[in-house]
């Protein structure tokens, strides 16, 4: 059974700092990996989707990498802003469902 | 931009009552999903639906749960007799591309509170 782990569980940084969020998964036979953002009490907003054949994806200040063989993905956020404060979820797709990590709760202080 | 919409945003019900949560997936999407998130816990897969039938379901999705696509636009989750532990945020999601490769889009969720 796929297990997804995200480290750290919470992170607090000053505005402007670059940061890395980590995601690891136990079953490397994935189809894709998706990073989401969740604001308190809200739904999940898709940030980046990486197919199993890809190594990374970029969108604006966000860059996600995937190392399928080692079961790891990272989400890099450049020049963080207070508006980036949210919980970031990693989800991996094996069969016809996605397994989620518990998320990293990010706080960016002005 | 097309989005997945869910109603109601919040429902409070008494234990033992039936609840129907509604979703309108993105119009050209073919694969539909329900997930739930108990407060403070991980997002958990419940069920996937394609071509008017369930594709996969988790161990959570027992006989108390059912899904239906009653028309060309709505996708519903029914909980037949709610329990206290059904209190959670329920998310609907949809995907356009063939299974497993496309981006998954989520709605804003329906918060269910069972008293």
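Annotations
- Qualifying residues in segment B:57-96 (those that are part of a loop (DSSP other than H, G, I, E, B) and touching a residue at least 40 places away in the same chain (Cβ under 8 Å)) - the one nearest to residue A:54 (Cα to Cα): B:96
- Strands (runs of 3 or more DSSP E) completely within chain A that count 1 or more residues being within 14 Å of chain B (Cβ to nearest Cβ) and surrounded by 14 or more Cβ atoms within 10 Å (Cβ to Cβ): A:4-7, A:19-25, A:32-38, A:44-51, A:56-59, A:62-67, A:86-93, A:98-100, A:104-109
- For segment A:23-32, taking the residues that are modelled with pLDDT under 95 and in contact with a strand residue (DSSP E or B) (Cβ under 7 Å, 6 or more places away or on another chain), the one that is nearest to residue A:104 (Cα to Cα) is identified as A:32.
- Residue satisfying condition, being closer than 20 Å to residue A:38 by Cβ and out of contact with any strand residue (DSSP E or B) (no Cβ under 7 Å at 6 or more places or on another chain), within set B:41, B:37: B:41
To keep it simple, each residue is scored yes or no on (1) in contact (Cβ under 8 Å) with a residue 24 or more places away in the chain; (2) within 22 Å of residue B:113 (Cβ to Cβ); (3) exposed (fewer than 14 other Cβ atoms within 10 Å of the Cβ).
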{"site": "B:6", "(1), (2), (3)": "yes, yes, no"}
{"site": "B:31", "(1), (2), (3)": "yes, no, no"}
{"site": "B:35", "(1), (2), (3)": "yes, yes, no"}
{"site": "B:41", "(1), (2), (3)": "no, yes, yes"}
{"site": "B:46", "(1), (2), (3)": "yes, yes, no"}
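The values are calculated or read from the model by the stated rules, or taken from the named source; none is laboratory data. Because the structure is a prediction, the values reported are computed rather than measured. As a convention, Cβ positions derive from the backbone with ideal geometry for all residues, glycine included, and neighbour counts pool all protein chains shown.
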